[in-house]
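Heads up: the structure comes next, in structure tokens.
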Amino acid sequence: MTLLEQIDQAPAAAPTLWWLGRSGFVLKYHSMIFYIDPYLTGSPLIPPTHIHHASMVLSTHAHAGHMDAATLLPLLDGSPNAKLLLPKSAAGHAHSLGISYQRMTTTDAGLRVEYFQTGDYIRIYSVPSAHPELEWTAIGGYPYLGYLIRCGGCTIYHAGDGVPYPDLAMHLRPYNVDVALLPVSGSANFHADQAAQLAEDIEASWIVPMHYDSPDAFLDHMLFHRPSQRFKIFTAGEGWQVP
């Protein structure tokens, strides 16, 4: 069974995630299917031209690994009802890639986007990400966002790219995060100890590392320093129903 067939056939009575590699995830809840930061150029998992079921596509910022034209153009073409959710400052860049403004829904920190389908809904809230610094302009808002996706009685936080900053936990606590998808590559992203500390600060039930070359440093830190914190390490293409 192909990964697309697995996604299509999964009942997803509870929110279910598949990891696409890098920062890319598929989130399915009932019949709603969201692609988050998909980068499928050259990926053996899913050819973008084969995707016809997307309800919405989320890009956290305009960098190529998160807003990939070779992925987004065929994905949106194959899913004609889907729109691209993105920071409002990234709309011009997305348009330069060939995405029409009519296919975009722009957002910024503090805003909420709702998606309804067959009586169910997903709500998406945005918080600023620091990559590596917080940036803001009066016209563009924050160019780097993290998304808080609420559905099925739980909240999934996708941080995009970024590092911790003093007010991040304060932004996240009101949403009662259940699953924190955090980039743990170090340098311009979280280190393992920083990811674990954020999860503790916001009382997240689960940490899921992403955007890494190897999960070994994260795994070692969690096993030796945070034995009580639950975490999930995906293999590419693996699905997981949020407990």
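None of the figures in this text is laboratory data; all of them are computed from the coordinates on show. Owing to the predicted nature of the structure, the values given are computational and were not obtained by experimental measurement. Note that we place each Cβ from the backbone using ideal geometry, even for glycine, and neighbour counts take in every protein chain shown.
For the reader, a short list of remarks on this structure follows.
- Length released on extending from Ala64 to Met170, taking residue separation times 0.36 nm less the Cα-Cα span: 35.3 nm
- Were the residues from Asn81 through Ala13 laid out at 0.36 nm apart, the gain over their Cα-Cα distance would be 22.2 nm.
- Karplus 3J(HN,Hα) series, Hz, for region 228-236 with 6.51 cos²θ - 1.76 cosθ + 1.60 (x for Gly, Pro): 8, 7, 6, 8, 10, 10, 7, 9, 4
- Expected 222 nm ellipticity per residue - DSSP helices of 4 or more, -39500 (n - 2.57), all of the chain, to 500: -5500 deg cm²/dmol
- Rel. contact order, % - alpha carbon contacts under 8 angstrom, at least six apart, the chain: 17
- Which of Ile7, Ile51 has the fewest Cβ neighbours within 10 Å, and the rest in rising order: Ile7, Ile51
- GNM flexibility winner over the chain from His66, His191, His93 (Cα, springs under 10 Å): His93
- Two-site label geometry, Leu219 and His52: point separation in nm, points 7 Å out along Cα→Cβ: 3.9
- Extension gain, Ala138 back to Glu5 (0.36 nm per residue minus Cα-Cα distance, nm): 43.5 nm
- Residue-wise HN-Hα couplings along region 191-200, as the Karplus relation 6.51 cos²θ - 1.76 cosθ + 1.60 with θ = phi - 60° gives them from phi, are 8, 4, 5, 5, 5, 5, 5, 4, 4, 5 Hz; Gly and Pro carry x.
- Built amide H within the under 5 Å cut-off of Phe231, gap 5+: Ile207
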